[in-house]
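So the structure is just underneath, and the comments pick up after that.
The values are calculated or read from the model by the stated rules, or taken from the named source; none is laboratory data. Remember, predicted model here, so these are calculated numbers, not experimental data. Here the Cβ positions follow ideal geometry from the backbone for every residue, glycine too, while neighbour counts run over all protein chains shown.
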Amino acid sequence: MSKLLKIILPLLILPVLFQFCATVPEFLPNEYVISVTQGDVVLGDIDIKMFKKEAPLHVRNFDSLVSIGFYNGTAFHRVIPGFMIQGGDPNSRQPFSATNPWGSGQKGQTRVNAEFSKTLTHKRGIISAARTNDPNSATSQFFICHKAAKHLDGNYSIYGEVTKGMDVVDKIASAKKGRSDRPLVKIEMNIKKKLNPNR
């Protein structure tokens, strides 16, 4: 091999390698672990996977929030057994009060346009975006279906599902609660992306 070819070949290969490294993660499933505690009690882990093709905007938003540790310390602030458990409000990092209501979200949060699916349905374990009456008002809050809720189909954006840990969802759903379906003892979450999703 000529000296010139030895110099040129790496220059030709490097851009291809960089492009490959940049695109490989897109082929990996977006999988995460939600670690849940209530007070000093560890409730367990909820493994979830995202529906990238069906709801790319919501998945991208969720991933960006997980990447900055946004959800860590937030609560499952609304639990309704037989229906769903809801969390992800940044206000829930701080104690609930009249001036810091949980579930209202914060001004300035990135809003995500609706991605209603014609094929996915709100079955047990589905993750969907919480929102106001405006279909395009989803931000960070999400809910996990405790039981099937098909009446939500076409009205709320499904973007993931639980793959393991529905027993933890059951524990959350059965928590003792007070007004506004808020658990009496804060149920806290920490979310991390799986580095080795196939393990």
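General remarks:
- Scan region 129-161 for residues that are within 25 Å of Leu184 (Cα to Cα) and touching a helix residue (DSSP H, G or I) at 6+ places or on another chain (Cβ under 7 Å) and the total you get is 4.
- Picking from residues in region 156-199 that are part of a loop (DSSP other than H, G, I, E, B) and small (Gly, Ala, Ser), the one that is nearest to Phe142 (Cα to Cα) is Ser157.
- Where a residue in region 144-167 is at negative phi and loosely packed, with under 14 Cβ neighbours inside 10 Å and its partner, wherever it lies, is modelled with pLDDT of 95 or more and assigned to a loop (DSSP other than H, G, I, E, B), with Cβ under 6 Å and at least six apart: Lys150/Thr121; Lys150/His122
- Residue match in region 115-135 (condition: over 18 Å from the mean Cα position of the chain (by Cα), surrounded by 17 or more Cβ atoms within 10 Å (Cβ to Cβ) and either at pLDDT 95 or above or under 25 Å from Asp167 (Cα atoms) (or both)): no
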